[in-house]
There are 2 protein chains.
Amino acid sequence: MRNLMARRMQTVKPSFIREILKVTQDPTVISFAGGLPSPDLFAVEPMSQAAAKVFRQGGRSALQYSTTPGHPPLRQWIADHCQRRYGLQVDADQILITSGSQQGLDLIGKVFVNPYDPVVIEEPGYLGAIQALGMQEARIYSVPLLDEGLDLEFLETVLSGDRIKLVYTIPNFQNPSGLTYSLQGRQALAERIAKRDLVLVEDDPYGLLRYEGQDLPALARLLPDKVLLLGSFSKIVAPGLRLGWICGPADVIKELVTAKQAADLHTGTFVQRVLAQYLADNDLDAHVEVLRRVYRQRRDTMIGALERSMPAEVTFTRPEGGMFLWVTLPAGVSSLRLFELAIQQKVAFVPGTPFYVDGGGEQNLRLNFSNASEHDIETGVARLGAAMQGMLEG
Amino acid sequence: MRNLMARRMQTVKPSFIREILKVTQDPTVISFAGGLPSPDLFAVEPMSQAAAKVFRQGGRSALQYSTTPGHPPLRQWIADHCQRRYGLQVDADQILITSGSQQGLDLIGKVFVNPYDPVVIEEPGYLGAIQALGMQEARIYSVPLLDEGLDLEFLETVLSGDRIKLVYTIPNFQNPSGLTYSLQGRQALAERIAKRDLVLVEDDPYGLLRYEGQDLPALARLLPDKVLLLGSFSKIVAPGLRLGWICGPADVIKELVTAKQAADLHTGTFVQRVLAQYLADNDLDAHVEVLRRVYRQRRDTMIGALERSMPAEVTFTRPEGGMFLWVTLPAGVSSLRLFELAIQQKVAFVPGTPFYVDGGGEQNLRLNFSNASEHDIETGVARLGAAMQGMLEG
């Protein structure tokens, strides 16, 4: 049967990160590899109460088929959230509920990308976007990510040279780099894009997890007609529900709804209602405040430990939020080789290479700090330092 | 933004059925239009207990990310089910959990179908398959469905004339026709396919809902190396969970897993665990027996009412199971026109046209009997008879 496979399956690879997750099943390994929120912080009891209430008050309809765009009260909550958080004037019909924001990428790819259409992603780039756009056989241009945001000179060259259809960005606490686009970086990007006929995808799964500094305007605020904004409850409520959303112009949402019908009819009725109930009965802002406090502490612990354990030639980003920091090793030191030594030391991370479409990233690695205790962060980074030491000496 | 849409969006239309569902929101309309199971029969209380248990015994991991192929105990349950029900020797690694079996179609399309690849569906055909294959820009050949199964002469002509990559079938109580492939129909189809290099998709969402006659061997049993078997919990447990599965060769499941990673990372952890708990704590066979009893009665009521209310020139299928029967009107009588009159009489159905890719179906309509009480079936069919009468006289 495999001889009959479509072309796209030759380019899309199984996620390296998901492969690494298998290695890290060993409970003695401290893993900084995944992108998992801390399960200790899940609101298990409030969620359990919300589920019980949904069953009690409307169990039958919660178990039945429902409409493709999503549960109306949840769409309304998200529309209000978009107003409150991003200052966007949106109605519920501008919201599509998706099965995690990964599905948002899949649907956007389907609606906009023909095979061989040129698209832009950040370099280093989010693996899920590389996979989803790869499934549409997009031609992917990687534009380097600098401290202020996308490298605009590089972007301009790409935009002038090809009819780019779509640009994918994570402006807040980017995965994998942890970088945040500055105000100037956002404004300058918006200016470049404003004259172009393309779709800008703004993915903001981590935006609420800011540990310092000020919220900056969303690209969707700066370019309302050109942006599809993706959000997710995975990092602020629970990823196991698989609930995300797309916010965009109503006529585009309609097309995305058609694509979603063909993809899975609709997102689960039951989980949508449980989430809506949870949001109605609980203070999400207060919950996010707890996440911020704990994750900020873990980030600081990781930064401190890296400063103590790593040779001075090793540099890393100091993210203002999110879940990752990005390490650059000295020239000639391979993160793939370091990975092997680190696994022997019982600590795991993701080498930089899978985040690069056209090669590169051998000198980089991604560290997750949200899903390890401060104690494990200290221990794990010390082990990483030992592996690094061994490598520089070896 | 809409000017940037991909080609496929010009061919894939929003589901007509989902549009009709909006019309039938009016509670005074009796609807035979949807394909919904009866919510009265959902096991709300056992499901509620299963959810409470999942939260109590492992709430944190139920809310966390999980692996793409699915929750291991649920995969194992399905593998055992495939053995018990279909006589297939399968391991858990031959099972992929999907977000409803509609997602199975999406993933199979992605893994096997390049734009313009020729595929075969039944005529009349399942709308969700037409949509999912349309999203891959497949060239769709419709092969007529006869009493015994696919029209094999027609199929042979198509197979000889083009390099068909995939054949999609619903051998049990087909949607929309209600027809079931006979033993001879299955064996003869298997013989024709055996020599060909193609994928046979066997979709079996209704198979357990048999009201008379004997279970017949699955195509997957007759052609184990060529069949991908799709199953769903939507019709036997609850569609609002969005839980289905694909069973196939392990090396193909692996590719489907890669496609699923890119589509939505994985199906919801929480709902998978709730279903696994429900299946562990309850007797599904006994539950299905209740569904069979109620739906059999509803089918019989609808057949009786049609015999009484419809002119003799109106014919219809007498399905051995499932949820639908298929009506053929006298020559020259349009089901689209009948639909308008029926809506005035406060009864709804799906006209035959959306089930035909290349035109046709004007003389047909699909009636669902699972989601209306016997009283409503009597009343609704009488209204339909009145609309029909008005049409023949008008």
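Laid out as a table, the results:
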| quantity | calculated |
| --- | --- |
| Selection from the stretch B:131-148 of residues that are within 25 Å of residue B:100 (Cβ to Cβ) and touching a helix residue (DSSP H, G or I) at 6+ places or on another chain (Cβ under 8 Å) | B:131, B:132, B:133, B:134, B:135, B:136, B:137, B:138, B:140 |
| Subset of the stretch A:209-231 (residues that are touching a residue at least 40 places away in the same chain (Cβ under 8 Å), buried (at least 23 other Cβ atoms within 10 Å of the Cβ) and within 12 Å of chain B (Cβ to nearest Cβ)) | A:228 |
| Checking residue A:340 against (1) among the charged types (D, E, K, R); (2) surrounded by fewer than 21 Cβ atoms within 10 Å (Cβ to Cβ); (3) in contact (Cβ under 8 Å) with a residue 12 or more places away in the chain, the condition it does not meet | (3) |
| The stretch A:129-156 - residue that is in contact (Cβ under 8 Å) with a residue 60 or more places away in the chain and outside any strand (DSSP E or B) and, of those, nearest to residue A:112 (Cα to Cα) | A:136 |
| The stretch B:119-152: number of residues that are of a type in the set (A, V, I, L, M, F, W, C) and under 18 Å from residue B:11 (Cβ atoms) | 11 |
| Unique match (being on the phi < 0 side of the Ramachandran plot, more than 11 Å from chain A (Cβ to nearest Cβ) and buried (at least 24 other Cβ atoms within 10 Å of the Cβ)) among B:96, B:133 | B:96 |
| Test for residue B:108: is it closer than 12 Å to residue B:246 by Cβ, not hydroxyl-bearing (Ser, Thr, Tyr) and not in a helix (DSSP H, G or I) | no |
| Residue under evaluation residue B:376, criteria (1) part of a helix (DSSP H, G or I); (2) farther than 19 Å from residue B:35 by Cβ, criterion not met | (2) |
| Residue check, residue A:72 touching a Lys or Arg at 6+ places or on another chain (Cβ under 6 Å) and without any contact (Cβ under 8 Å) to a residue 60 or more places away in the chain | no |
| Selection count where residues are within 25 Å of residue B:62 (Cβ to Cβ) and out of contact with any Gly (no Cβ under 9 Å at 6 or more places or on another chain), scope the stretch B:237-256 | 3 |
| Unmet requirement for residue B:360, which otherwise passes all of (1) in contact (Cβ under 8 Å) with a residue 40 or more places away in the chain; (2) outside any loop (DSSP other than H, G, I, E, B) | (2) |
| From the options A:328, A:301, residue that is hydroxyl-bearing (Ser, Thr, Tyr) and under 21 Å from residue A:144 (Cα atoms) | A:328 |
| Flag if residue B:262 is assigned to a helix (DSSP H, G or I) and away from every other protein chain (no Cβ under 11 Å) | no |
| Enumeration of residues in the stretch B:232-252 that are surrounded by fewer than 24 Cβ atoms within 10 Å (Cβ to Cβ), in contact (Cβ under 8 Å) with a residue 24 or more places away in the chain and over 30 Å from residue B:40 (Cβ atoms) | B:249, B:250, B:252 |
| Criterion: modelled with pLDDT of 95 or more and of a type in the set (Ser, Thr, Tyr) - qualifying residue of B:15, B:101 | B:101 |
| Members of the stretch A:141-168 found to be under 18 Å from the mean Cα position of the chain (by Cα) and buried (at least 19 other Cβ atoms within 10 Å of the Cβ), listed by number | A:142, A:143, A:145, A:149, A:150, A:166, A:167, A:168 |
| All helices (runs of 4 or more DSSP H) inside the stretch B:1-93 with 2 or more residues being within 10 Å of chain A (Cβ to nearest Cβ) | B:8-11, B:16-23, B:44-63 |
| Qualifying positions in the stretch B:281-328 - modelled with pLDDT under 95 and among the charged types (D, E, K, R) | B:313 |
| Residue within the stretch A:247-258 that is facing chain B (nearest Cβ under 9 Å), out of contact with any helix residue (DSSP H, G or I) (no Cβ under 8 Å at 6 or more places or on another chain) and of a type outside the set (A, V, I, L, M, F, W, C) present | yes |
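The values are calculated or read from the model by the stated rules, or taken from the named source; none is laboratory data. As the structure is a prediction and not an experimental result, all values here were calculated from the model. All Cβ positions, even for glycine, are placed from backbone atoms using ideal geometry, and neighbour counts span all protein chains on display.
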